[in-house]
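This report concerns only the one structure given below.
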Amino acid sequence: MAGSGYVFYLDKCLLPVTPEKLQISIKNENKTVKLINDGQINLLKKAGLTEIEFECMIPQVKHPFAVYQSGFQSADYFLNYFERLKTSKKPFQFIVSRSKPNGSALFGTNIKVSMEDYRIVEDVKEGFDLTIKVKLKQYREFGTKSVSIKGGVTTDTGNTTYTVSVDSTRSQESAPSTNKVRYYTVKEKNTLFNIAKEEYGDGSKYKLIMEANRNVIKDPCDIKPGTVLKLPGI
């Protein structure tokens with residue numbers, strides 16, 4: 001993937017060198033059961049959590065092929081960033097933006113994940129530069145339910161009835177009203193994902209913004225501050 005129209009983001013951090021390989025394992029939780037007559041059936045269950053693995057180069061010195069959002073950053077910057085993702089106990093967005101040499105967009109990857117593991121490899125063949133082996137796992141929002149039982153009422157038949165109410169609490173953000181076309185002025189260090197998250201409540205809708213602004217967006221990962229973007233209604 002090096003040198004191609006691929007860019008990788010871990011949350012808001014752009015990897016300076018695009019990984020050469022990306023492995024996405026889409027798991028399932030199906031179960032095969034053996035029957036009494038020695039036959040087998042496959043019980044289909046909901047998909048398991050997707051797992052992602054890749055290796056990325058983190059330069060210790062400035063290379064002409066490396067790309068930085070705000071100028072050169074040393075390896076310490078990225079190592080500290082990876083460590084914060086690992087220890088924060090919070091999920092983040094993993095984004096891969098793919099495009100052809102002519103700038104037309106290919107399919108994208110945008111998934112909420114957790115940092116499961118990362119390893120730092122130093123190899124004399126790479127000089128001062130580091131190789132980071134990263135393992136991510138899909139994160140799914142989940143909620144809890146609380147049940148409250150109010151005082152019982154005894155009927156003429158001697159039975160007691162109770163009023164039960166269930167309150168479902170789901171851990172997700174409510175999206176703002178987005179049914180009208182609006183306009184947005186790009187700020188310093190903005191990305192399409194961040195803008196979609198701010199304006200739609202869902203970063204994965206960055207593709208809508210990109211499609212509506214083909215005339216001004218040449219590179220979805222390099223949007224100049226001050227650019228006015230059209231935000232289509234949903």
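Quick rundown of the values:
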| read-out | value |
| --- | --- |
| Selection count, region 64-105, where residues are on the phi < 0 side of the Ramachandran plot, touching a residue at least 24 places away in the same chain (Cβ under 8 Å) and surrounded by 12 or more Cβ atoms within 10 Å (Cβ to Cβ) | 22 |
| Enumeration of residues in region 17-63 that are charged (D, E, K, R), out of contact with any Leu (no Cβ under 9 Å at 6 or more places or on another chain) and not in a loop (DSSP other than H, G, I, E, B) | K34, E55 |
| In region 199-234, the residues that are under 20 Å from Y9 (Cα atoms) and among the polar types (S, T, N, Q) | S204 |
| Test for K27: is it loosely packed, with under 10 Cβ neighbours inside 10 Å, over 24 Å from R84 (Cβ atoms) and out of contact with any Cys (no Cβ under 8 Å at 6 or more places or on another chain) | no |
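Every read-out reported here was derived from the displayed coordinates using simple, explicitly stated rules and does not represent laboratory data. Keep in mind the model is a prediction, meaning the values are calculated, not measured. When we count neighbours, we look across all protein chains shown, and the Cβ atoms used for this are built from the backbone with ideal geometry, even at glycine.
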